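Working notes, beginning with the structure itself.
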Amino acid sequence: MTDHAHAASARDEPAPVPRVGISAVLKELGEDHPGITASKLRFLEDQGLVHPARTASGYRKFSRADIARIRRVLELQRDRYLPLRVIRDRLDAEEREPVPGAADHDDERRPAPGEAAAPVTAPLPVVPPARAYSLRELAARTGAGVPLVRELVSYGLIREQGGAFDDHALEITRAALALTAHGLEPRHLRPFKAAADRELGLVEQAVAPLASRRDPASRARAAERAQEISGLCLTIHTSLVRSEIAALQERAGLEG
């Protein structure tokens, strides 16, 4: 290959995306979000809200797009009190779909010579309201049947709020129905409810100092911290169960 071809090939290669480590991200975001921590960043990654690159040694490296996304997540939590699941779906939708009419109005946004450019803010997509299901709707939508739904209610695994069930009840009912195929009935699932109640107690204890304050900023931080702690508790719970299952399988293999 000639020198000219080498040069052309080098020009065609995309420039590497500049990335920074966790400490640089914390420093940049810390002024506007003083509660941000390394564990919070790791939690956001676990929840699928950001996807930093990894070095060969396993260190996280964040691009400018990653940092902008994290900032948006924190702002939506603080200003709109949105759950992380809703935030993730919203941001993913924004990345998949261009803002309607953006290309049609480029000329309107272009400032006249000597005129300062006005900031352009993309409109937030509408978040669909939370679904609510009657008992019979829940039974029909999940295929569980009314008797199974009533059993789940009686054991405290799902509950009506304002005469209706939410999407969490829908997910629990679907999982409970699938477990019946393995011989596990709602009465066998009571330990999950007890464990959830204990974890909730830990979360409430941890965020009580912030939640007891009256200013909106403290309450927003309390809600943010509660989600982070609950996610970490869930990670520990899941890992403990998987670890025990792996040990059980290993013992079964040795005995076999």
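The values are calculated or read from the model by the stated rules, or taken from the named source; none is laboratory data. Everything quoted here is computed from the prediction, not taken from an experiment. Quick reminder, even Gly has a Cβ in these numbers, built from the backbone with ideal geometry, and neighbours come from all protein chains shown.
Observations, loosely collected:
- Any hit, region 209-227, residues being touching a Cys at 6+ places or on another chain (Cβ under 9 Å), of a type outside the set (G, A, S) and assigned to a helix (DSSP H, G or I): no
- Members of region 198-234 found to be touching a residue at least 60 places away in the same chain (Cβ under 8 Å) and surrounded by 14 or more Cβ atoms within 10 Å (Cβ to Cβ), listed by number: A220, R221, A223, E224, R225, Q227, E228, G231, L232
- Conditions (1) at pLDDT 90 or above; (2) small (G, A, S); (3) not in a helix (DSSP H, G or I): number failed by A140: (3)
- In the set L152, L84, only one residue is modelled with pLDDT under 90, outside the structural domain of S230 (by TED's automatic domain parsing), within 29 Å of I229 (Cβ to Cβ) and hydrophobic (A, V, I, L, M, F, W, C); that residue is L84.
- Failed item, numbered, when G231 is tested on (1) farther than 30 Å from A132 by Cα; (2) modelled with pLDDT under 85: (1)
- Subset of region 176-192 (residues that are closer than 18 Å to L234 by Cα and surrounded by 14 or more Cβ atoms within 10 Å (Cβ to Cβ)): L189, F192
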